[in-house]
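Q: The structure's right below; bear with me while I get my questions together.
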Amino acid sequence: MNNGDLLKAIESEFPGIMDNSSEPHGLLTIEIPKANIIPVINWLKTNEYTNFMFLTDLCGVHYPNDIDKEFAIVYHLHNLEQNVRLRLKTFASRLDLNVPTLCNIYSAANWMERETFDFYGINFEGHPNLIRILNMEDMDYFPMRKEYPMEDDTRTDKDDRFFGRGGNEEVTFDDKKALARKN
Amino acid sequence: MNNIPQNYKSDSMDGELTTLNLGPTHPATHGIFQNVLTMDGERIQSANQTIGYIHRAFEKIAERRPYNQITPLTDRLNYCSSPINNLGWDMTVEKLIGIEVPKRVDYMRVIIMELARISDHLVCNSVIGVDTGALTGFTYIFQERERIYDLFEQVCGARLTTNIGRIGGFERDFNEEFYQKINLFLKEFPKRLLDFENLLCRNRIFMDRVIGVGPISGERALNYGFTGPNLRAAGVDYDVRVLNPYSSYQDFDFCVPVGKSGDTFDRFNVRQEEIHQSLSIIRQALDKMPAGNYHADVPEYYLPAKKDVYRSMEALIYHFKIVMGEMAIPKGEVYFSVEGGNGELGYYLISDGGRTPYRLHFRRPSFIYYQAYPEMIKGSLLSDAILTMSSMNVIAGELDA
C-alpha cells in the first residue's frame with residue numbers, strides 16, 4: 001500500500017470529503033472536515049486494507065490569521081504491519097471549538113486530547129474526563145495560543161521581526177541561502 | 001479485566017474503602033507525580049492519576065528559540081537518556097533542511113545513542129530490583145552507569161543533561177581517551193552485567209515478585225499507544241530502528257527481543273536483552289567506523305572552528321549568524337521519530353520559514369503509555385503496583401512537554 005493507493009481507497013469510500021491533500025517529506029497529509037474525522041479514522045482502523053491500528057500522535061496547532069480555521073488538530077496514524085504512516089488534519093474555528101473525541105477508537109487519545117484541551121482549549125465532545133493535565137486546574141487561559149507571548153509585553157527586542165517573521169515574506173529559502181553564500 | 005485474579009474477594013473486614021495518596025513525593029514513584037488510590041484492604045480498586053508537577057512548557061519555549069537552542073530543552077525530557085533526545089532533534093532539523101551527514105557521523109551517533117539506551121535500561125532494571133528489595137544489584141550497576149557518563153563527558157563535557165551533537169554532526173570528534181574508555185567498558189561491562197543478571201534473572205524471590213505482575217495484552221498495549229520495551233514485552237515487535245531505520249541502523253545486525261505476557265518479568269527481560277543487543281551494535285559500529293569528517297560540510301548551519309572565526313571573514317559571518325539564530329530555514333512540516341529508551345520518541349515540527357519553529361510537538365512515549373497504569377494495576381496489591389510503575393520506566397520529565 002503506497003500513498004497513492006491509500007488516497008484512492010479513502011476517496012472511493014468517502015467521496016468528496018477531502019479538503020486538501022499533500023505529501024510533505026513523503027508523509028501523506030489529508031485535511032478532513034471535523035464532522036467526518038471520526039468516521040474516517042474509524043474506517044481507517046477497522047478496515048482490513050488500511051488497518052491503521054496505531055495512533056502515534058495527536059496535537060493542536062494555532063493559526064490566528066486563518067479566519068474560521070484558527071485551530072488545527074493533527075492526527076498521526078501508523079499501520080505497523082505495512083509500515084505506512086498517515087497524517088490527518090481537521091480545523092476548528094475559534095467560535096466553535098467542539099471537535100468529536102477519538103477516545104472510543106484509541107485509548108491512547110485520552111491524554112493526548114486532554115493535553116490539546118489544556119494547551120489550546122479544544123473541546124473534545126464525548127471525552128470521558130476532559131480536564132487540564134499539565135497546567136493548574138484554575139488556570140483561566142490556554143497558554144499555547146499565539147496571543148500569549150513568551151516574554152514580557154513591554155520588551156521591544158523580542159518581537160516577531162527578530163525571529164525572521166514579517167516584513168520580507170517574499171524572500172524564499174533559496175534566496176536566503178544564496179544571500180548567505182554571497183555574504 | 002483479565003488483570004483481576006480469579007480468587008479476588010473483598011479484602012477489607014467491614015467493606016469500607018480507603019483512599020491512599022501515592023505521591024506526589026513518594027520515593028517509590030521515582031519522580032513527582034501522584035496517584036490517588038482507592039483501596040479495598042490491600043487491593044487497589046481504582047487509581048486517579050495527576051501529572052504535571054514539573055510542567056516546564058517546552059513546546060511554548062521552543063516557539064521562541066532558534067533551532068540550535070532547542071537541543072538543551074530536549075535534554076530534560078527523558079533525562080535518563082538525554083543523548084537520544086538531542087540527536088533525535090538534530091536529525092529532525094536535518095530532515096527539514098535536507099542536510100546529508102557523513103557516514104561517520106551516523107556511526108558516531110549510533111554509538112552514543114546505544115550507550116544512552118544501555119544507561120536508560122540499567123537504571124530501570126536495577127530500580128526494579130530495588131523495588132523488590134534487592135539493593136545490591138543497583139549499587140553495582142550504578143558504577144557502570146557512571147562509566148557511560150564518563151564517556152559522554154569526553155564527547156560533550158556534560159554527563160546528565162548532555163546537549164550532545166549539533167545540527168550537522170558533532171561538536172568535536174571522539175578523542176583518544178574516549179576510545180580507551182569505551183574499549184575498557186566493552187571489555188569489563190559484560191561481566192558486571194552478567195553478575196547482575198545472575199543475582200536476579202533466575203532468583204526465586206525476584207521471580208515470585210515479578211511474574212504475572214502488571215500484565216497487559218499486546219492488543220491493549222497497541223490501543224494505548226505503547227512503544228519500546230513495554231510494547232515488545234507484550235509480544236509486538238515494533239522497533240523504530242528496524243521499521244524506519246535512521247542514522248544507518250540498517251547497517252547493523254541485531255535482534256529485537258520480545259516477551260509474551262507483557263508483565264513486569266517480561267519487561268525486565270526485554271530490557272536486559274536489549275542491553276546485550278546494544279553492546280553488540282556498539283562493537284559493530286566501532287569495528288566498521290568509516291573514515292571521514294565528524295560533521296557535514298554545511299557552513300550555514302554548523303559553527304566554524306574558533307580559530308577560523310578570528311582569521312577568516314566568512315567564518316566570522318557564519319559564526320555571527322548562527323549564534324544570532326539567523327539560519328535560513330525552509331518552510332515545511334516534518335515528523336521524525338527515533339527509538340528512545342522508552343519507545344518511539346517523535347518530533348512533529350512545523351516551520352513557517354522563521355528562525356524558530358512555528359510549532360513543535362514532542363511525542364513522549366512515557367506520557368502516552370502511563371495512562372494505561374490504572375488499568376494495569378486494578379485489583380492488584382499496592383506493592384505490585386509500585387513494581388508495575390518502576391518496570392514501565394515512567395520518567396517524570398518525559399510526562400511533560
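Q: So, with +1 on the Cβ of K and R and -1 on the Cβ of D and E, and no other charges, what is the size of the charge dipole of region B:58-399 about its Cα centre, to the nearest 20 debye? Can you show the working numbers first?
A: Values: 39 positive and 44 negative charges, 81 e Å.
It works out to roughly 380 debye.
Q: What are the semi-axes of the equivalent ellipsoid of the protein assembly as shown, taken as the square roots of 5 times the eigenvalues of the Cα gyration tensor, listed largest first and rounded to whole Å? Write down the numbers at each step before the final one.
A: Values: eigenvalues 280, 211, 99 Å².
Ellipsoid half-lengths, sorted descending, are 37, 32, 22 Å.
Q: FRET efficiency for B:M324 and B:K187, Cβ-Cβ distance as r, R0 = 60 Å, nearest 0.05?
A: 0.85
Q: Right, here's the next one. Long-range amide H contacts for B:E171: which residues qualify at under 5 Å (H placed 1.01 Å from N, peptide plane, sequence gap of 5 or more or a different chain)?
A: When sequence neighbours closer than 5 places are left aside, the close amide H contacts are B:G165, B:R166.
Q: At 0.36 nm per residue, minus the direct Cα-Cα distance, what do B:Y53 and B:L316 gain on full extension? Give it in nm, one decimal, please. Don't skip to the end; give the middle numbers.
A: Details: separation 263, 0.36 × 263 = 94.68 nm, distance 4.33 nm.
So the extension gain works out to 90.3 nm.
Q: Next question, about the same structure. For the charge dipole of chain B, defined by +1 on Lys and Arg C-beta atoms and -1 on Asp and Glu C-beta atoms about the Cα centroid, which residue among B:L222, B:H30, B:M108 has the Cα displaced farthest towards the positive pole?
A: Looking along the dipole axis, the top candidate is B:M108.
Q: Which log10 I(q)/I(0) values, to two decimals, does region A:3-149 give at q = 0.18, 0.19, 0.21 Å⁻¹ under the Debye formula with one point per Cα?
A: -1.07, -1.17, -1.38
Q: If you count, for each residue, the other Cβ atoms within 10 Å and average over each peptide, how do B:395-401, A:99-105, B:270-276 line up from highest to lowest?
A: Order by mean packing, descending: B:395-401, B:270-276, A:99-105.
Q: Normalise the Cα radius of gyration of region B:146-278 by 2.2 N^0.38 Å (N = residues in it) and let me know the number.
A: 1.26
Q: Here is a follow-up. How large is the translational diffusion coefficient of region B:253-401 in µm² per second when you combine the Kirkwood radius over alpha carbon pairs with Stokes-Einstein at 20 °C and 1.002 mPa s? Intermediate results must be reported in sequence, preceding the final value.
A: Working: Rh = 19.8 Å.
The estimated diffusion coefficient comes to 108 µm²/s.
Q: Return one whole number: the accessible area per residue of region A:3-149 in Å², for a 1.4 Å probe.
A: Roughly 41 Å² per residue, with all protein chains present.
Q: Further question on the same structure: Restricting to Cα pairs below 8 Å that are 6+ residues apart, what does the relative contact order work out to for region B:58-399? Please round to a whole percent. Intermediate values should be presented prior to the final figure.
A: Working: 590 pairs, mean separation 92.0, N = 342.
Computed over region B:58-399, the figure is 27 percent.
Q: Oh, and also: Dividing the alpha-carbon radius of gyration of region B:196-262 by 2.2 N^0.38 Å (N being the number of residues), what value is obtained?
A: 1.35
Q: As a test of the definition: with a 1.4 Å probe, what buried accessible area, both sides summed, do you compute for B against A, in Å² to the nearest 100?
A: Buried surface at the B/A interface: approximately 4900 Å².
Q: Under 8 Å for C-alpha pairs, at least 6 residues apart: give me the relative contact order for chain A, rounded to a whole percent.
A: 15 percent
Q: Quote the convex hull volume per residue of region A:1-82, based on C-alpha atoms, as a whole number of Å³.
A: So the per-residue Cα hull volume is 103 Å³.
Q: Karplus couplings for region B:19-24 from phi (6.51 cos²θ - 1.76 cosθ + 1.60, θ = phi - 60°), rounded to Hz, Gly and Pro as x?
A: 3J(HN,Hα) across region B:19-24, in whole Hz: 9, 10, 8, 9, x, x.
Q: Can you tell me the Rg and Dmax of region B:58-399, counting just the alpha carbons, in angstroms?
A: My reading of the Cα-based Rg and Dmax gives 20.5, 70 Å.
Q: For region B:202-304, what ratio Rg/Rh do Cα atoms give with a Kirkwood hydrodynamic radius?
A: Details: Rg = 18.3 Å, Rh = 16.0 Å.
Here Rg/Rh amounts to 1.14.
Q: Place a point 7 Å from Cα of A:E151 in the direction of its Cβ. Which residues in region B:55-75 have their backbone N less than 20 Å from it?
A: Zone members listed by number: B:57-73.
Q: Under 5 Å between amide hydrogens, which residues at least 5 positions from B:R363 or on another chain qualify, with H placed 1.01 Å from N in the peptide plane?
A: B:G346, B:Y347, B:Y348
Q: For region B:38-84, what percent of Cα pairs sit more than 15 Å apart?
A: Tail fraction, whole percent: 61.
The values are calculated or read from the model by the stated rules, or taken from the named source; none is laboratory data. This one's a predicted model, so the numbers in the text were calculated from it and none came from an experiment. We place every Cβ from the backbone using ideal geometry, glycine too, and count neighbours over all the protein chains shown. With ligands, DNA and RNA removed, areas are computed over all heavy atoms of the protein, side chains included. Shrake-Rupley method; radii C 1.70, N 1.55, O 1.52, S 1.80 Å.
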